[in-house]
């Protein structure tokens, strides 16, 4: 199926396709270069609710406007186990452990952010919309 499509493409189409595939491959390589984080921070409405090192296993219940969200720290990563939100996107995101990674439970207004060494003073995230 791909071979007939490739034959119908012009030279410029092939070049653009190859460049896009190379950019996607490079982005995956760059994603893996971030260092492992050291702490997990949980914020709601810009205020710090919880902070803990990633190397201490624990489960914590975080209050939000919809109810409690269950956060687990285990094996050097943090993940949301349960949330009262409707779509549970935050639960499906899995565990995060790299510096700068985050999980957002937008309906319950929680941000789980991984912080690492050398990140003090840097913003926790680029942009949030209310």
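The values are calculated or read from the model by the stated rules, or taken from the named source; none is laboratory data. Computed from a predicted model, the values in this text were never measured in an experiment. We place every Cβ from the backbone using ideal geometry, glycine too, and count neighbours over all the protein chains shown.
Within the range 82-98, the set of residues being touching a residue at least 24 places away in the same chain (Cβ under 8 Å) and not in a strand (DSSP E or B) comprises 83, 84, 97. Of the residues making up the range 13-33, at least one is touching a helix residue (DSSP H, G or I) at 6+ places or on another chain (Cβ under 8 Å) and part of a helix (DSSP H, G or I).
Please find, within the range 1-12, the residue that is modelled with the lowest pLDDT out of those that are assigned to a helix (DSSP H, G or I) and exposed (fewer than 10 other Cβ atoms within 10 Å of the Cβ). Residue satisfying both the conditions and the ranking: 2.
Scanning the range 109-130 for residues that are at pLDDT 90 or above and assigned to a loop (DSSP other than H, G, I, E, B) yields one hit, 109.
Counting only residues that are assigned to a loop (DSSP other than H, G, I, E, B) and in contact with a strand residue (DSSP E or B) (Cβ under 7 Å, 6 or more places away or on another chain), which one in the range 36-66 is farthest from residue 115 (Cα to Cα)?
Taking the range 36-66 as the starting set, the residues that turn out to be assigned to a loop (DSSP other than H, G, I, E, B) are 37-38, 45-46, 54-57, 65-66.
Narrowing the set further to residues that are in contact with a strand residue (DSSP E or B) (Cβ under 7 Å, 6 or more places away or on another chain) leaves 37-38, 54, 56-57.
Numbers: 37: 5, 38: 6, 54: 10, 56: 15, 57: 17 Å.
Residue satisfying both the conditions and the ranking: 57.
Restricting attention to the range 43-67 and to residues that are in contact (Cβ under 8 Å) with a residue 24 or more places away in the chain and crowded, with 16+ Cβ neighbours inside 10 Å, the residue that is farthest from residue 99 (Cα to Cα) turns out to be 64. Screening residue 79 on (1) surrounded by fewer than 16 Cβ atoms within 10 Å (Cβ to Cβ); (2) in contact (Cβ under 8 Å) with a residue 24 or more places away in the chain; (3) closer than 20 Å to residue 95 by Cβ shows it passes everything except condition (1).
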